[in-house]
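The values are calculated or read from the model by the stated rules, or taken from the named source; none is laboratory data. Here the structure is a predicted model, which is why all the values come from computation and not from measurement. Cβ placement follows ideal geometry from the backbone for every residue including glycine, while neighbour counts extend to all protein chains displayed. With ligands, DNA and RNA removed, areas are computed over all heavy atoms of the protein, side chains included. Shrake-Rupley method; radii C 1.70, N 1.55, O 1.52, S 1.80 Å.
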Amino acid sequence: MPDSYDVVIIGAGPAGLAAGIYAGRAGLNSIMIEKDKGGLIASTFAVENYPGATENISGAMLSERMRQQALSSGCQIMLGEATFVEKKPNGLFETTLLETTLASNKKVLQSISVIAATGTTPRMLGVPGELKYRGKGVSYCATCDAFFFRGKEVVVIGGGDSALQEARYLAKIASKVTIVHRRDEFRATKAEVNATRAIGDKIGFLLNCIPVEIYGAGIVQGVKVQDTQSGGFVDVPCDGVFIYAGLVPQNNIFTGLVDLDSNGYIIAGENTHTSLEGMFAAGDTRTTLLRQVVTACADGAVSALQAGDYISKFVKSNS
């Protein structure tokens with residue numbers, strides 16, 4: 001027989017952790033499936049826009065504090081990867097997962113409700129050389145890999161908040177940072193743009209340019225970019241390339257189970273309800289206007305409370 005819970009939370013980023021805190025405090029028998037500890041935020045070197053985070057706290061530290069709070073609230077955490085979710089005729093959900101500690105061991109969890117908080121992963125550029133030099137100069141996480149580029153020149157590709165934040169972090173370690181962006185204006189907030197430009201000559205800008213190839217000889221040696229206005233090509237010699245080209249939702253296991261939009265995000269409103277009764281979606285994994293830690297945590301809280309209401313009604317109707 002599968003282990004039974006009131007709610008299974010899939011994902012352990014800020015949304016899942018907040019859901020775990022609120023589920024535990026509500027007295028729900030809850031368990032969180034943790035594939036990547038802390039989610040995407042754990043790779044952020046500093047969280048500067050979360051209310052109360054005035055000490056320049058790292059994403060890893062913030063997520064660990066949330067994790068410990070979820071545990072102390074009564075939510076269990078299991079290391080593993082959810083591979084299949086279904087709703088049985090009796091109205092209960094069954095979530096199949098591979099336990100990280102026992103890679104070949106499949107486990108099934110039964111629950112009245114499910115909260116999807118699977119988050120996103122970095123989008124790849126899809127240019128020649130990206131895959132070839134991944135781990136050999138190509139990275140998607142400055143916090144993880146900046147150490148290897150101390151005193152070297154690097155390129156950051158992207159124009160959002162993450163790209164500019166990570167460029168500033170890299171500027172503390174690398175000798176030179178060049179930001180390549182396809183437009184002449186950034187998608188990042190004005191505060192992020194101003195803070196990045198204030199660094200000075202250590203951060204350069206190649207605007208209206210797109211990367212067309214990452215090249216090297218065993219390791220990265222440079223990036224070839226194309227000017228979108230003139231059509232000309234420029235070689236940018238560098239030792240490392242950090243890519244921030246957007247995010248991809250991790251919702252493959254929910255395909256056919258709940259409604260997804262054209263980009264693969266779970267369609268769910270502010271109440272976190274999905275198209276399947278008893279299943280809720282929180283954080284970056286759902287359709288939303290803003291994907292930040294603060295909104296993910298809010299979603300987590302809402303989803304846990306909504307799940308609690310659903311569970312109470314389910315138990316009452318089946319008693």
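List of remarks:
- Over all Cα atoms in the range 179-319, the spread is summed up by Rg and Dmax: 22.0, 71 Å.
- Span per principal axis, largest first, for the Cα atoms of the range 115-228 (Å): 46, 38, 32
- Accessible area per residue in Å² at 1.4 Å probe, computed on the chain: 47
- Per-selection metrics, the chain (Cα): Rg and Dmax in Å: 21.4, 71
- Whole-Hz ³J(HN,Hα) from phi, Karplus 6.51 cos²θ - 1.76 cosθ + 1.60, for the range 116-124, glycine and proline x: 8, 9, 7, x, 9, 10, x, 7, 7
- Reciprocal mean inverse distance between Cα atoms of the range 1-118 - Kirkwood radius, Å: 14.6
- Helix 59-73 vs. the chain, principal-axis angle (Cα, 0 to 90°, nearest 10): 10
- Ordering ALA217, THR274, ALA296 by the projection of their Cα atoms onto the charge dipole of the range 192-304, which places +1 on the Cβ of Lys and Arg and -1 on the Cβ of Asp and Glu, puts ALA217 at the extreme positive end.
- Rounded to whole Hz, the Karplus (6.51, -1.76, 1.60) HN-Hα couplings of the range 307-319, x for glycine and proline: 5, x, 4, 5, 4, 4, 5, 5, 5, 5, 6, 10, 8
- Rounded to the nearest whole Hz, the Karplus-based 3J(HN,Hα) values (6.51 cos²θ - 1.76 cosθ + 1.60, θ = phi - 60°) of the range 194-209 follow the sequence 4, 5, 6, 5, 5, 5, x, 5, 5, 10, x, 10, 10, 9, 6, 9, with x at glycine and proline.
- DSSP bridge pairs, the chain: antiparallel proportion in percent, nearest 5: 45
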